[in-house]
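A.B. asks: My structure is below; once you've seen it, I'll send some questions.
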Amino acid sequence: MKKVDCPLMDECVDDAICFDIHMVVEGCAPKFTAPKKAVQTPDFRKICMNCPNHRDD
Ligand code: SF4
C-alpha cells in the first residue's frame, strides 16, 4: 500500500488514512472517522489543504 508523509501525524501513514483525514478536512465525513491525532492538531484543515499529498478529487 502507498504511504505518504503526513505532517499532521508526524509519520508516514497509509494512503487510506490520508484519505480518511482528507474526507474530514473537506467536510465530507465526521471527525471520528479520522485518527484523533490528526484532527486534534490546531489548524489541521489548513495544514492538510496545503499539504503536497492533498488530493483534489
Ligand atoms: S493530505 Fe492531509 S492527511 Fe494526507 S498526508 Fe497531507 S496532511 Fe496528512
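Every number in this text was worked out from the coordinates using simple rules, so none of it is lab data. As the structure is a prediction and not an experimental result, all values here were calculated from the model. Using ideal geometry, Cβ is built from the backbone for each residue, glycine included, and neighbour counts are taken over all protein chains shown.
A.B. asks: Considering only region 1-38, how many residues are in contact with a helix residue (DSSP H, G or I) (Cβ under 7 Å, 6 or more places away or on another chain) and touching a residue at least 24 places away in the same chain (Cβ under 8 Å)?
C.D. replies: Number satisfying all stated conditions: 10.
A.B. asks: Also, I was wondering about something else. Kindly indicate whether Phe44 is among the aromatic types (Phe, Trp, Tyr) and exposed (fewer than 14 other Cβ atoms within 10 Å of the Cβ).
C.D. replies: The answer is no for Phe44.
A.B. asks: Residues of region 46-57 being out of contact with any strand residue (DSSP E or B) (no Cβ under 6 Å at 6 or more places or on another chain) and within 9 Å of the ligand (Cβ to nearest atom), which ones?
C.D. replies: Correct list: Ile47, Cys48, Met49, Asn50, Cys51, Pro52, His54, Arg55.
A.B. asks: Pick out, from region 13-54, the helices (runs of 4 or more DSSP H) lying fully within it that include 3 or more residues that are of a type in the set (A, V, I, L, M) and closer than 18 Å to Lys2 by Cα.
C.D. replies: Qualifying helices (runs of 4 or more DSSP H): 15-25.
A.B. asks: Are any residues in region 2-12 in a loop (DSSP other than H, G, I, E, B) and at negative phi, and if so, which ones?
C.D. replies: Passing the criteria: Lys2, Pro7, Leu8, Met9.
A.B. asks: Same structure, new question: Which of the residues belonging to region 1-30 are more than 7 Å from the ligand (Cβ to nearest atom) and within 11 Å of His54 (Cα to Cα)?
C.D. replies: Of everything in region 1-30, those that are more than 7 Å from the ligand (Cβ to nearest atom) and within 11 Å of His54 (Cα to Cα) turn out to be Asp15, Phe19, Met23, Glu26.
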